[in-house]
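The values are calculated or read from the model by the stated rules, or taken from the named source; none is laboratory data. This structure is a prediction, so every number in the text was calculated from the model and none was measured. All Cβ positions, glycine included, derive from the backbone under ideal geometry; neighbour counts span all protein chains shown.
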């Protein structure tokens with residue numbers, strides 16, 4: 001029986017909100033139970049369903065969530081200036097933390113960038129767990145579970161940030177995002193975006209352009 005750490009992220013493609021990397025340790029013997037629970041790629045679940053399944057997963061299995069809120073994310077990104085390197089570091093943080101506290105045989109993630117990025121980051125954490133990076137990794141139940149807990153955390157943080165600024169912050173990076181960005185700038189000034197958005201996105205420059213709302 002393999003004790004597998006699944007790891008995945010949420011918020012990578014969203015202008016507003018944090019970057020969340022979630023890891024969860026689930027033995028292969030529980031795969032049938034995960035499927036009965038409805039665990040699958042979080043992108044195929046409604047927000048409500050993702051939040052419901054997340055609650056069950058986190059109550060049953062060891063897990064770690066690494067959250068970079070925009071205020072911290074923007075500082076870290078300015079130093080690293082490479083999203084895949086940043087992601088690898090967050091993945092390694094989650095994997096090494098779980099592996100340090102619980103027996104684990106293997107870690108699996110959805111593949112992004114060059115495989116050596118996570119492997120190098122794990123070496124920096126002195127974590128020697130076997131690491132597999134798989135295209136469409138969410139097909140692995142443990143990775144799908146990680147995608148759910150990461151997305152649920154992202155949704156909770158988005159709700160908190162929306163309440164903070166008094167505006168419902170949209171997901172993604174489309175035109176609706178630009179409109180809300182301009183609204184926030186017009187109400188509170190440019191600095192507000194530093195606390196709610198990822199400033200290396202092209203949406204940031206578009207949000208600063210004055211236009212009628």
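Here are some notes:
- Residue match in segment 131-151 (condition: within 24 Å of residue 185 (Cβ to Cβ) and touching a strand residue (DSSP E or B) at 6+ places or on another chain (Cβ under 8 Å)): no
Residue-by-condition table, conditions (1) surrounded by fewer than 14 Cβ atoms within 10 Å (Cβ to Cβ); (2) closer than 20 Å to residue 77 by Cα:
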site	(1), (2)
130	yes, no
145	no, no
150	no, yes
157	no, yes
192	no, yes
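Conditions (1) at pLDDT below 95; (2) within 14 Å of the chain's Cα centre (by Cα), marked per residue:
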residue	(1), (2)
144	no, yes
157	no, yes
180	no, no
212	yes, no
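- Residue among 190, 163 that is under 25 Å from residue 51 (Cβ atoms) and over 19 Å from the mean Cα position of the chain (by Cα): 163
- Test result for residue 64, farther than 15 Å from residue 137 by Cβ and either in contact with a helix residue (DSSP H, G or I) (Cβ under 7 Å, 6 or more places away or on another chain) or not assigned by TED's automatic domain parsing to the domain that holds residue 155 (or both): yes
- Given (1) buried (at least 16 other Cβ atoms within 10 Å of the Cβ); (2) farther than 28 Å from residue 191 by Cβ; (3) touching a helix residue (DSSP H, G or I) at 6+ places or on another chain (Cβ under 9 Å), number of the condition residue 43 does not satisfy: (1)
- In summary, helices (runs of 4 or more DSSP H) completely within segment 95-213 and bearing 3 or more residues that are within 19 Å of residue 66 (Cα to Cα) occur at 116-124, 141-165.
- Considering 58, 81, the condition of being surrounded by fewer than 21 Cβ atoms within 10 Å (Cβ to Cβ) and either at pLDDT below 95 or not assigned by TED's automatic domain parsing to the domain that holds residue 143 (or both) is satisfied by 81 alone.
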